[in-house]
Every structure is written in C-alpha cells, then in structure tokens.
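Undergrad: Below you'll find the structure I mean.
Quick note: the coordinates plus some simple rules give every number you see, no bench work behind them. On a predicted model such as this, the values are computed, not experimentally measured, just so you know. Cβ placement follows ideal geometry from the backbone for every residue including glycine, while neighbour counts extend to all protein chains displayed.
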Amino acid sequence: MLKEALSQGKFVVTAEVAPPKGVDFTEVIEVAHLLKGKVDGVNVTDFQSAVLRATSLVTCHFLYDHCLDPIFQMTGRDRNRLAIQGELMAAYLLGIRNVLALTGDHPFVGDHKGAKPVFDLDSIGILQAGNSLRNGKDMAGNALKGTPDFFLGAIVTPFFDPLEAQILKMEKKIEAGAEFFQTQAVYDLDTVYRFRNATKHLNTKVLMGVVPLKSAGMAKFMNGNVPGIYVPDEIIKRIAQAEKPVGEGIKIASEFIKQLKAEGLCDGVHVMAIGAEKNVPRILEAAGLI
C-alpha cells in the first residue's frame, strides 16, 4: 500500500494508466498484470486533457480487484461539490484509499468542446472536501455515518517561474489536507535541487515525475507545448543520436531515478509512460528498483 510504504521510508514507485475510450478493459487488465508487485500505486487519470473515456472510479475498481493500490484522480472540471463528495465516498466503499486532487483542463482543449465546465471546486477545494469527509462531516457540516480514511495527494510543478508561486500553492494544499505530492515531469537535477531547497520546510512526501522520452521530437514538443516541462538540450541531442531512441529514453529515465534515490532527493518517483506501460518494468529494473 502506498501510504504504508511512504510511512516506512521506502523509496516508492507509482505508475499511471488511462481508462479506455470505450468499454474494452483488456489493456487495463494487461497493465495490471504487468505492474503487479512492481509498483506501490497506480494513478488512474480522470478524463485527462478533457477527453472522454471510461471513468477513473471504475478503472480504479478494476485495478483494486487485480491486487494493485489505485490512486483515484479527481478533477473539479466536471462535477459540483455534491458529486465530488459522493464519488469520494463511493471510492472508499470500493476499497480505494488514495485520492489525487486536480483542478482539470478546460473542456475546450478536449474532444467535447461544447461540454459545460463546472469548476465548483478546484484542487484545493477537493482536498478540503476529502479532508472534511475523513473528519466525519460533509462540506455542509453534516455528520457522516462511517468515516472514510483517505490518503490525499496533489500535484506540483518544480520547473516553474516564479517557483515561489508553486511553493505557496503547496503550502495551501498541505493546509487543505494533502499528504503527498506527485510532480510534473522533471529531466534535470538542477531543477530538483532548486525545488527541494525551496520545500525543505514542508512536512510532506514528494514523488518526482518521470516521463520516458520516445524520440527527440517528443522532447521538443513537450518543451514547446507543455507548460512546466523542460528537457535540456543535451538530453534531446542524446535521444536524437541514439540508434534506438526508445531504449535510450528508458536508459535516461532509469539513470535519473538512480540518482534521485542515491542523493535522497525525493521519497519516490511517479513514472508516466503515456501508453507505453510495458516499458515501466524495464525502467525500474535498469534503475535497480526491482
């Protein structure tokens, strides 16, 4: 279990899976078998990039049934506070304990551009909702029959200018109930050093985000289109010159993870393979974690 592993001081590993766009869960089940026994938790995205898929809740339930510890991503884009609290309680009833609070992308970036956004609660509001529920009351102050014990998490972006703005958000999220953070993908140690120095006063767990590169084109695209991600030129050059770019990306990711662990720079890593989950065990094996 993720919470127990972190509390025991283990260098943890979480991975990520997207629900299917449809009702065929074959790939989700294959990923579950692939990751079982190798990771401490698996994030399930919640209509990532505002694209319609099966729900995070049902996918988390599938993973739970296959002996994995799911991390239920919850965005504020599509639900008001009634639905958010109801789904959180439903998740707990299904055995799901980990919750990652996100505000969510606006629908205009997704595949249903006419969908009306809700945004009744942002990520901090969702954390407050989860924290209220685990204290035995709903957001309106009404007492619950049975209290859910969630392990609440949030996200942070280490490569951000000004960094102080992200630290302020972290502080607010911790105050709202966050106990762990997963970061946006990071590729250089200087960013990690700067981030960890700025957060040394915070009592929380941090899992550094790792996205294995598949090509130099992917790296350049992220630099130009994904806020908060910076892939250094030397890494792009290394991928571009590699005979097998995917293999080189796996090697780069594993080397980075090794260094993070060796220097004690974080409490674990969150590996986001973006459709290439079959490579996660290869990365972890090369990093000496399995």
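Undergrad: About its Cα centre, what dipole magnitude does the chain give when the only charges are +1 on Lys and Arg Cβ and -1 on Asp and Glu Cβ, stated in debye to the nearest 20?
TA: So the dipole magnitude of the chain works out to roughly 120 debye.
Undergrad: With everything on Cα atoms, drop me the angle between helix 189-198 and the longest principal axis of the chain, reported from 0 to 90° to the nearest 10.
TA: Helix 189-198 sits at roughly 40 degrees to that axis.
Undergrad: I would also like to ask the following. Can you tell me the orientation of helix 26-35 relative to the chain, as the angle in degrees between its alpha-carbon axis and the longest Cα principal axis, to the nearest 10?
TA: Roughly 70 degrees between the two axes.
Undergrad: Computed over the Cα atoms, what is the radius of gyration of the stretch 167-290 divided by 2.2 N^0.38 Å, N being its residue count? Spell out each step's value before the answer.
TA: Values: Rg = 14.9 Å, N = 124, 2.2 N^0.38 = 13.7 Å.
That ratio works out to 1.08.
Undergrad: On a straight-distance basis, which aspartates and glutamates could pair with Lys258 in a cross-link, Cα separation under 20 angstrom, same-chain partners fewer than 8 positions away excluded?
TA: Result set, ordered by chain and number: Glu16, Asp40, Asp188, Asp190, Glu234, Glu248, Asp267, Glu277, Glu285.
Undergrad: Which FRET efficiency value, to the nearest 0.05, do you get for Lys244 and Ile274 by plugging their Cβ-Cβ distance into 1/(1 + (r/R0)^6) with R0 = 25 Å?
TA: Between Lys244 and Ile274 the formula returns 0.85.
Undergrad: Of Ile239, Ala140, Gln182, whose Cα points farthest to the positive end of the dipole of the stretch 137-256 (charges on the beta-carbon: +1 Lys, Arg; -1 Asp, Glu; origin at the Cα centre)?
TA: Ala140
Undergrad: What's the angle, to the nearest 10 degrees (0 to 90), between helix 81-93's Cα axis and the longest principal axis of the chain?
TA: It is inclined by approximately 80 degrees.
Undergrad: Could you tell me what percent of the DSSP beta bridges with both partners in the chain are antiparallel, to the nearest 5?
TA: If I count the DSSP bridges inside the chain, around 5 percent turn out antiparallel.
Undergrad: Between the stretch 213-276 and the stretch 69-145, what is the C-alpha centre distance in whole Å?
TA: Each part's Cα centre sits 31 Å from the other's.
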